Amino acid sequence: MSSQQQSEKTAEEHFKDGLAFSKLGDDRRTFESYQKAIDLDPDHFLAHFNLGIRYGKLRMNLEASKSFREALRLKPEAPMVHYSLAVVSNFIGEMDEAFKHYQEAIRINPDFGRAHSNLAMLHYALKRGKETIHHLVKAADLFKQTGDEFMEKNARDLIKECGREFDLTPDDCKTL
């Protein structure tokens, strides 16, 4: 393919190339394709978001955070962006940001089981028993609804363990 043909590609075509290279496991070409899409269309939400995911998979969390923040600028009501930003914020030690974005993901989508589960673990790290169990119960119920038996069992086991550790029952933690 000539360089003229490459330069004639649209942002969406570069984005789709990035998806294809991602499926092939070609990180270099994935990054290049997403970046070309962004260069042509700085407001290409999915290119920013997928770039963040790719960075995150490679544990390049500072870069992932930057990409997710740009995706968030474009779509502040996207719960998955808040969730993803919370995950990488936690990895880079930005606990306040992690809390904020998990809570925002849950505000936008109250049925986001993994956000409840991860938020519970942040509360657990700070030994906030009531908050931990509250979110674990929500997560377990949501995982049951979606048929995610593994995650439901894991959450229910943690509820029991945390209940013993904090001397609390799920009924004690219904409201915060």
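The values are calculated or read from the model by the stated rules, or taken from the named source; none is laboratory data. Values in this document were obtained by computation on a predicted structure and should not be read as measured data. Cβ placement follows ideal geometry from the backbone for every residue including glycine, while neighbour counts extend to all protein chains displayed.
One table, with the values for the structure above:
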read-out: Residues (under 21 Å from the mean Cα position of the chain (by Cα) and not in a helix (DSSP H, G or I)) located in the stretch 143-174; value: GLY147, ASP148
read-out: Total residues in the stretch 67-81, condition crowded, with 20+ Cβ neighbours inside 10 Å and either in contact (Cβ under 8 Å) with a residue 40 or more places away in the chain or more than 17 Å from GLN103 (Cβ to Cβ) (or both); value: 3
read-out: Some residue of the stretch 116-136 being part of a helix (DSSP H, G or I), under 19 Å from ASN90 (Cβ atoms), outside the structural domain of PRO76 (by TED's automatic domain parsing) and aromatic (Phe, Trp, Tyr); value: yes
read-out: Pairs, first closer than 9 Å to GLY129 by Cα in the stretch 156-176, second surrounded by 12 or more Cβ atoms within 10 Å (Cβ to Cβ) and small (Gly, Ala, Ser), C-beta under 6 Å, six or more apart; value: PHE166/GLY129; LEU168/GLY129
read-out: Hits in the stretch 1-36 (condition: surrounded by 17 or more Cβ atoms within 10 Å (Cβ to Cβ), farther than 25 Å from ALA86 by Cα and at pLDDT 95 or above); value: ALA11, HIS14, ASP17, PHE21, SER33, LYS36
